[in-house]
Amino acid sequence: MAKYRKKPVVVEAIQWTGENFEELADFASESVRRAKYDESDMSIKIYTLEGTMTASPGDYIIKGIKGEFYPCKPDIFNATYEKVEE
């Protein structure tokens, strides 16, 4: 069986705190501006290329290589990405 390595790709991301909607909306534009916010658990529903996905506080919102946005759980984000020092 062949093995593959994920290509190194730099992405932009912001962590959803449940209180930074405006910052997130500025970052993710239409994907978040049309999002539905649920005050009961502070989650937001984001429109992605794969359909509507829910982001909970602590999740990262990632801007993909084609300009798409999607949420990612913090444990997966931290296992997959490392901060780039510019």
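Quick grid of which residues meet (1) touching a helix residue (DSSP H, G or I) at 6+ places or on another chain (Cβ under 9 Å); (2) assigned to a helix (DSSP H, G or I); (3) surrounded by 14 or more Cβ atoms within 10 Å (Cβ to Cβ):
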{"residue": "Thr54", "(1), (2), (3)": "no, no, yes"}
{"residue": "Ile61", "(1), (2), (3)": "yes, no, yes"}
{"residue": "Gly67", "(1), (2), (3)": "no, no, no"}
{"residue": "Tyr70", "(1), (2), (3)": "yes, no, yes"}
{"residue": "Ile76", "(1), (2), (3)": "no, yes, no"}
{"residue": "Ala79", "(1), (2), (3)": "no, yes, no"}
{"residue": "Glu82", "(1), (2), (3)": "no, no, no"}
{"residue": "Glu85", "(1), (2), (3)": "no, no, no"}
Across (1) open to solvent by less than 40 Å² (accessible area, probe 1.4 Å); (2) outside any strand (DSSP E or B); (3) in contact with a strand residue (DSSP E or B) (Cβ under 7 Å, 6 or more places away or on another chain); (4) more than 29 Å from Arg5 (Cα to Cα), Ala25 clears everything bar (3)
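Does at least one position in the stretch 33-49 carry a residue that is assigned to a helix (DSSP H, G or I), over 17 Å from Pro74 (Cα atoms), free of Cβ contacts under 8 Å to residues at least 12 places away in the same chain and more than 13 Å from the chain's Cα centre (by Cα)?
Looking for residues that are assigned to a helix (DSSP H, G or I), over 17 Å from Pro74 (Cα atoms), free of Cβ contacts under 8 Å to residues at least 12 places away in the same chain and more than 13 Å from the chain's Cα centre (by Cα), one finds at least one in the stretch 33-49, hence yes.
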Going through the stretch 32-43 in order, the residues found to be open to solvent by less than 20 Å² (accessible area, probe 1.4 Å) and either modelled with pLDDT of 80 or more or among the hydroxyl-bearing types (Ser, Thr, Tyr) (or both) are Ser43
The residue that is nearest to Ala35 (Cα to Cα), considering only those in the stretch 1-22 that are among the β-branched types (Val, Ile, Thr) and in a loop (DSSP other than H, G, I, E, B), is Thr17
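The values are calculated or read from the model by the stated rules, or taken from the named source; none is laboratory data. Note that this is a predicted model, so its numbers are computed, not measured. No Cβ is skipped: glycine too gets one built from the backbone with ideal geometry, and neighbour counts run over all protein chains shown. Keep in mind that these areas ignore ligands, DNA and RNA; they rest on the heavy atoms of the full protein, side chains included. Shrake-Rupley method; radii C 1.70, N 1.55, O 1.52, S 1.80 Å.
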